[in-house]
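Scroll down for the structure; my scribbles are underneath it.
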There are 2 protein chains.
Amino acid sequence: MSDVKTAIMDAAERRMQQGGFGGFSFREIATDVGIKSSSVHYHFPTQEDLAAAVIRRWAEYTSELIDKELEKDPDPVRVWTKAFRGTAFSEAHMCPCTVLGAASQDLPEQVAKEVKGFFKMCQDKLVAEGLSPSKAAEVLSTITGALVLANALGDTAEYDRATRNLLRQNAAALADRHGPRGPRTKRLAKVAARD
Amino acid sequence: MSDVKTAIMDAAERRMQQGGFGGFSFREIATDVGIKSSSVHYHFPTQEDLAAAVIRRWAEYTSELIDKELEKDPDPVRVWTKAFRGTAFSEAHMCPCTVLGAASQDLPEQVAKEVKGFFKMCQDKLVAEGLSPSKAAEVLSTITGALVLANALGDTAEYDRATRNLLRQNAAALADRHGPRGPRTKRLAKVAARD
DNA sequence: CAAGGACTATCTATCAACAGATAGTCATAG
DNA sequence: CTATGACTATCTGTTGATAGATAGTCCTTG
């Protein structure tokens with residue numbers, strides 16, 4: 001991939017994180033990159049193509065990051081919570097898939113499909129990592145909603161507040177599974193594991 | 001409030017639920033209502049005014065709905081989960097504050113302020129109803145994220161999947177508080193109440 | 001009671017800015 | 001020589017916003 005093409009996607013990603021699909025124009029992207037708007041059209045014929053490419057790249061990057069982190073820490077809940085935390089504390093504060101997912105009904109077909117693919121990927125991975133479908137949906141909803149909340153309130157600390165319980169419950173469940181210490185914690189583990 | 005003004009806000013709300021702040025134009029609203037775009041400007045001078053008014057109305061309506069439902073069911077987690085569920089299963093599927101909150105950084109000042117006010121109101125109410133700040137943030141994040149997830153996946157059932165655990169844990173905690181049956185459930189109640 | 005003025009709500013017409021997209025041109029590198 | 005990647009120029013459509021005209025309503029005042 002050429003440098004310019006990458007730069008275009010970087011600029012589009014940044015603007016999509018802030019304003020969604022309608023939050024960027026070819027002219028703005030062109031200015032960001034330092035080229036003309038028609039040159040953006042050369043690399044990505046339509047806005048739909050560009051947005052879809054950005055979302056797909058984000059999904060791929062996320063998937064790879066999670067795999068990498070799972071090698072260091074085997075607990076999926078901790079890994080996913082930390083990964084989304086990285087987004088919350090990044091300069092742009094938001095996951096573009098979340099911004100677009102919230103306005104999903106107004107998206108061109110290809111873009112909506114990619115966004116759907118992102119969340120499907122997240123959920124499938126969580127299930128493959130041992131969570132029940134409903135626990136996976138719960139974890140994904142909580143970290144996604146925490147991003148929205150922190151963004152709307154303009155307070156990154158809200159992300160940590162919202163995910164504190166998730167991590168604590170999970171820690172309790174893990175402590176039990178890996179080092180049973182009686183019925184008190186066993187009960188908790190059962191709740192968390194069942195789904 | 002005049003019928004026309006209400007009709008304008010209704011139309012704007014519907015479109016904002018689908019496409020956010022950039023997802024509607026004065027001309028579209030005018031067509032929806034059956035008037036001219038300049039007449040929309042008469043009632044709401046700028047797009048910012050209109051969007052802010054819609055969000056404020058949504059926040060007030062939500063607050064009133066919650067109060068009403070709490071009279072029938074004293075459990076805040078159940079009430080809030082059910083209220084947002086109503087949105088997920090409504091025709092538009094989304095809460096406009098969530099759509100705008102996700103793209104909060106691209107919003108005019110007044111609109112961003114109203115969106116922030118909505119989430120602040122939700123959190124304050126949950127705390128006033130007995131939840132700890134972090135439990136409130138967790139519940140709000142989960143139901144907000146569940147809306148986004150269900151919307152992006154185009155599957156309302158995802159909302160129920162994502163909130164199943166929330167309700168079950170809560171039920172266990174409540175059963176314990178209101179009818180103690182030994183140390184096994186007491187432990188859970190403590191976890192849920194603490195935060 | 002009637003005349004005058006102010007207010008409300010809608011209209012027509014128009015503006016400048018900006019959008020996405022296309023056609024055709026030009027330079028350069030393999 | 002040709003394929004690539006960027007350019008210039010331009011089209012068509014839409015946008016938010018404003019100005020000014022018009023008609024209806026309502027209150028006040030003589």
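Please treat every number below as a calculation from the coordinates, not as lab data. The model shown is predicted, which means the values in this text are computed figures rather than measured ones. FYI the Cβ positions are ideal-geometry reconstructions off the backbone, even for glycines, and counts take in every protein chain you see.
Worth a mention:
- Calculated SAXS-style log₁₀ I(q)/I(0) at q = 0.12, 0.13, 0.14 Å⁻¹ - the range B:1-115, Debye, Cα scatterers: -0.45, -0.52, -0.60
- Computed over chain A, the ratio Rg/Rh where both radii use C-alpha atoms and Rh is Kirkwood: 1.05
- Between 0 and 90 degrees, the angle of helix B:3-19 with respect to the longest Cα principal axis of chain B falls at about 60 degrees.
- Between copies, B:F89 shows label-point distances of 4.0 nm, shortest first, with the point placed 7 angstrom from Cα along Cα to C-beta.
- Chain A - percent relative contact order, Cα under 8 Å, separation 6 or more: 19
- Label spacing, shortest first and in nm, from B:S2 to its equivalents in the remaining copies (7 angstrom along Cα→Cβ): 5.5
- Label-to-label distances for A:D67 across copies, nearest first, come out at 5.4 nm, using points 7 Å from Cα in the beta-carbon direction.
- Centre-to-centre, using Cα atoms only, the range A:14-85 and the range A:105-119 are separated by 13 Å.
- The GNM of chain A, with springs linking C-alpha atoms under 10 angstrom apart, assigns the highest mean-square fluctuation among A:R14, A:R78, A:R168 to A:R168.
- Start at zero, step by 20 Å, and the Cα-Cα distances of the protein assembly as shown spread as 28, 55, 16, 1 percent across the bins.
- In degrees, nearest ten, helix B:47-72 long axis to first principal axis of chain B (Cα): 30
- GNM top mover of B:M16, B:M121, B:M94 - chain B, alpha-carbon springs below 10 Å: B:M121
- Relative to the longest principal axis of the Cα atoms of chain B, the long axis of helix B:133-153 makes an angle of roughly 60 degrees.
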